[in-house]
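**Student:** Questions regarding the structure given below will be posed in turn.
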Amino acid sequence: MDILYLLIPLSIVFVAVIAMGLLWAVKSGQFEDMEGPAHRILMDDDDEPPAKNRD
Amino acid sequence: MTSPAPSPETPRCFHCGDALPAGADYPITLRGEIKPACCRGCQAVAQVIIDSGNADYYRLRTDFPATAEAALEELKKLELYDLPEVQAGFVKAEGEVREASLILEGIVCAACVWLNERHLRQLPGVISADINFSTRRARVRWDEGRVKLSQILKAVQEIGYLAHPFDTSRQEELYRKERNTAIRRLAIAGLGMMQVMMYAIPVYLAEEGTMTPDILQLMRIAGMVLTTPVVFYSAWPFFQGAARDLAVRRLGMDVPVALGVAVAYAASVWAVLSRSGEVYFDSVTMFVFFLLTGRFLEMSARKRSAEAAESLIKLIPAAAVRLPHYPADRTEETVAAVKLNPGDHILVGPGESFPADGRVVEGASTADESLLTGESTPLAKQQGQAVIGGSLNLDSPLVVQVEKVGADTVLSGIVRLLDRALAEKPRLALAADRVAHWFVLVVLLISAGVAMAWYAIDPSRALWITVSVLVVTCPCALALATPAALTVALGRLTRLGLLSTRGHALETLARATDFVFDKTGTLTTGRFRLLQTETVRGDAASALAIAAALEQGATHPVASAIREAAGAAALQAEELNYLPGQGVQGRVAGRTYRLGAPVYAAPGHELPASLNGSVIALADEAGPLAWFELGDELRPQAPALVAQLKALGLRLRLYSGDRPENVARMGRTLGIEDARGGMLPADKLAAVRELQEQGAIVAMTGDGVNDAPVLAQAQVSIAVDQGAEAAQAAADMVLLSNELARLADGVRLARKTQVIIRQNLLWSVLYNVIAIPAAALGYVSPWLAGIGMSMSSLLVVLNAMRLNRV
């Protein structure tokens, strides 16, 4: 049971890290358009891939 | 220019707080004292602030503004909004009375709306203040002689909100910010809830003695650590709202929520620190999370309903292409749409929106006015035809001469009417607002009673049962029920092209028993059309062809009706000779014909008895060939509308100033029994009064200025067609599209709205009547109470959203 003395504080640290990640995601605007990206994957813009990926 | 926190020794600018450069000599005189400034700019700004009577700014400010520009911003907030040049963009003035649209920052619930309205209305000089909960827009009217706009803005700041002049991009930005904040709070609460539950469940499940007191205490401490940010960050809006409510001695729905969270959290923390009693961190976090979820969903729903109104404002493009030297040459220049003046020529490409109301001077295209009028078919636009600002040019470029800009445009008029409708609250909503306040008071009293009772019965349970009672009650349903339904209904109506301009319109339309139509222009298009042809000699088709040939090139309505009926013209007429007001004489295929009034074309011949209305005759030297009866054309949707309204159980009446025979025939065609013609406006008024005396609730449709009195007399009035502005201003609803059947949709929607509002209120009462006693008796744990309350609010909002599908 002694391992809990390590695991419980560790879980708090993990939650803090996840929370920070979420706050970063909100800040970087990932929640602003919840539908667009889902449609974007269907768009046929394969004609102009980044030049460096082509020979 | 940021100030790196100057030490007290270094002399610094009195205005912006920057260090004083050596040799700076820009004194500011404040209440007889000389203060130093760092530059001429700061000196000037400070002097303006002091001279304008706002020296208190320096006394009250708690910190230096971040930059000198920010200091200017401060000043802007206070005084710049009073300058006429600044106000020109968003204030409508009628003499001393001014009206402005403001956006309010910080509105989270119906209570905030109530508070702001009341606070503003108390200001001397403020005539009216109405806030639209969905769009956060406030319409304020004030007497410029008694109060300034800056004082109004300041008054809003005093109670903890922020007001800005309305501006779409700002509104968007505000919404984006609010949404992001809401997501952040929700994320923290959600994570906190999940993890706290991880510590709580083992404690619940562990058998007696398997957990050492140390581990137990560790888990309790962990729960406390994770609940703290949830309470102080995620739940912060509830505390803020409660503090605001209490500051103005009013009870909003945040008060019981904040009280519940605070009591539960404080007691649990005390339990951890004293190593005794129970902790309820899981309940606290779950409650906060569910409440925030409810609020977040409600915010999204509200945003969606408000979009109908907002999308109208966004229709006007920001920039326009002006042709300053048209028609001499076509140099183009891009200007801001607000800079356009009447008389300017602009070029509008295909796929672009018209930036102002105007008239086509060159080119032909079609325009999509569906967002403005609900009219789904594109309208052809040729030289000389009017275009509406905000509608979409579809096919090819047009040169348009600007006629109306800014507040005079059709779009602005519509937005103003819509604003008025959204801001004016129906009686039902006003009643709900008042009840919510008393409701919270009663809840607090009940909670206090429950707390005392349980303290006597079982002190260990008293706290949690009290928290449950505080949490489970849902004034939100009560305060949300009506506004949510009304907002959705108004948005839906607007999308249909039926604009409700008064708060009571929907309510009254739902109760209407009689529909009175004015004939011309309402059920008919107001355009001439060939109704009947009676031939004397020869066949109708050739008579029509000859008549069309005689009328070629003529522009009056009769001529176009004849040409339209004849179709493609095959014959040519020569030696045409027009007699104004009489008719036309000419030669077709070698014979001379006359077409026109019977007295001119066929004098001495009797009209056939079957014809009435406007009749014209076609005759050759030997006498009349054919009689044409012309009349107003019935709108294509009129029969459908009549049928639908009848199916809804409404009594229909047709009151017209037209000739009784025509009206009677139209009544027969449509199946309206009470069809009276030859009525003067006064007669119509008397007839409507008589109906009302018999207990009827009259919905009146009309289109002309002459209808204004009778529109005002009817309980609910609907102006059809965009024609007469006087009729629109008097009307409670305006049908923007030509699709008459929308009226029946409107009645259906109005009735459905009443049903939904009643359902919501009923649910709210039912829920509370069941939930409060259950909680008081100890059957509802705090977390269950949290779920119940959030779900109740959500149910009300979702029920209101159903109106979108009527």
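**Student:** Residue by residue through A:8-15, how many Cβ atoms from other chains fall within 10 Å of the Cβ on average?
**Tutor:** What the average comes to for A:8-15 is 5.
**Student:** Another question about this same structure. Might you tell me the accessible area per residue for region A:1-44, computed with a 1.4 Å probe and given in Å²?
**Tutor:** For region A:1-44, the solvent-accessible area averages 80 Å² per residue.
**Student:** Could you compute how much accessible surface B:Glu333 exposes when probed at 1.4 Å, giving the result in Å² to the nearest 10?
**Tutor:** We get 70 Å² for B:Glu333.
**Student:** Can I ask one more? Residues of region B:215-261 that become at least 10 Å² less accessible with every protein chain present than in their own chain isolated, using 1.4 Å: which are they?
**Tutor:** Buried by the other chains: B:Ile215, B:Leu218, B:Met219, B:Ala222, B:Val225, B:Leu226.
**Student:** Show B:Thr535, B:Thr409 ordered by accessible area, largest first, where the area counts protein heavy atoms only and the probe is 1.4 Å.
**Tutor:** B:Thr535, B:Thr409
**Student:** Whose amide H sits under 5 Å from the amide H of B:Gln637, counting only residues 5 or more places off or on another chain, with H placed in the peptide plane?
**Tutor:** Correct list: B:Leu740.
**Student:** In addition: After finding the eigenvalues of the alpha carbon gyration tensor for region B:320-408, what semi-axes result from the square roots of 5 times each, listed largest first in whole Å?
**Tutor:** Result for region B:320-408: semi-axes of 20, 14, 11 Å.
**Student:** A further question on this structure: ³J(HN,Hα) across region B:216-221 via Karplus (A = 6.51, B = -1.76, C = 1.60, θ = phi - 60°), whole Hz, x for Gly/Pro?
**Tutor:** Once θ is set to phi - 60°, the couplings for region B:216-221 become 4, 5, 4, 5, 5, 5 Hz.
**Student:** Give me the accessible area buried between chains B and A, both sides summed, with a 1.4 Å probe, in Å² rounded to the nearest 100.
**Tutor:** Chain pair B/A: roughly 1600 Å² of buried accessible area.
**Student:** Let me ask another. Give me the dipole magnitude in Debye, nearest 20, for region B:527-633 about the Cα centre, with unit charges on the beta carbon: positive for Lys and Arg, negative for Asp and Glu.
**Tutor:** Charge dipole, region B:527-633, about its Cα centre: 120 debye, nearest 20.
**Student:** Mind running the shape call on region B:595-670? Use the C-alpha gyration tensor, a ≥ b ≥ c as the square roots of the eigenvalues: rounded below 1.5 for a/c, prolate if a/b tops b/c, oblate otherwise.
**Tutor:** Cα axes put region B:595-670 in the prolate bin.
**Student:** Among the listed pairs A:Lys27/B:Lys177; A:Lys27/B:Lys154; B:Lys339/B:Lys404, give every one whose C-alpha distance is greater than 20 Å.
**Tutor:** Beyond 20 Å between Cα atoms: A:Lys27/B:Lys154.
**Student:** Right, next: Taking the inverse of the average 1/r across all pairs of different Cα atoms in region B:115-258, what Kirkwood radius in Å do you get?
**Tutor:** Roughly 18.8 Å, rounded to one decimal.
**Student:** Give me the accessible area of B:Trp763, 1.4 Å probe, in Å² rounded to the nearest 10.
**Tutor:** 90 Å²
**Student:** Roughly how big is region B:320-408's charge dipole about its Cα centre, with Cβ charges of +1 (Lys, Arg) and -1 (Asp, Glu), in debye to the nearest 20?
**Tutor:** In debye, rounded to 20, region B:320-408 gives about 120.
**Student:** Once phi is turned into ³J(HN,Hα) by the Karplus curve 6.51 cos²θ - 1.76 cosθ + 1.60 with θ = phi - 60°, what whole-Hz value does each residue of region B:791-805 show in order, with x for glycine and proline?
**Tutor:** Using θ = phi - 60°, the values come out as 5, 4, 4, 5, 4, 4, 5, 5, 4, 5, 5, 4, 4, 5, 10 Hz.
**Student:** Next question, about the same structure. Keeping all protein chains in the complex and leaving out DNA, RNA and ligands, what accessible area do you get for B:Asp732 with a 1.4 Å probe, in Å² to the nearest 10?
**Tutor:** 10 Å²
**Student:** Let me ask you something else. Through the Karplus equation 6.51 cos²θ - 1.76 cosθ + 1.60, θ set to phi - 60°, convert the phi angles of region B:265-273 into ³J(HN,Hα) values in whole Hz; use x for Gly and Pro.
**Tutor:** Those phi angles translate into 5, 4, 5, 5, 4, 5, 5, 5, 5 Hz.
**Student:** Would you mind putting B:686-698, B:246-258, B:667-679, B:498-510 in packing order, based on average other-beta-carbon counts within 10 Å, highest first?
**Tutor:** The packing order, highest mean first, is B:498-510, B:246-258, B:667-679, B:686-698.
**Student:** For region A:1-44, what's the radius of gyration and Dmax over Cα atoms, in angstrom?
**Tutor:** When restricted to the Cα atoms of region A:1-44, Rg and Dmax are 17.7, 57 Å.
**Student:** State the percentage of accessible surface on region B:527-633 attributable to carbon and sulfur atoms; use a 1.4 Å probe and exclude ligands, DNA and RNA.
**Tutor:** Exposed carbon and sulfur together represent 52 percent of the surface.
**Student:** So what's region B:527-633 giving for Cα Rg divided by 2.2 N^0.38 Å, two decimals?
**Tutor:** 0.94
**Student:** Taking only the alpha-carbon atoms of region B:178-278, what semi-axes of the equivalent ellipsoid follow from 5 times the gyration tensor eigenvalues under a square root, in whole Å, largest first?
**Tutor:** Taking √(5λ) for each eigenvalue gives 30, 17, 9 Å, largest first.
The values are calculated or read from the model by the stated rules, or taken from the named source; none is laboratory data. Just so you know, these numbers come straight off a predicted model, no measurement behind them. Heads up, the Cβs are rebuilt from the backbone with ideal geometry, glycines too, and the neighbour counts pull from every protein chain shown. Note: areas computed on protein heavy atoms with side chains; ligands, DNA, RNA excluded. Shrake-Rupley method; radii C 1.70, N 1.55, O 1.52, S 1.80 Å.
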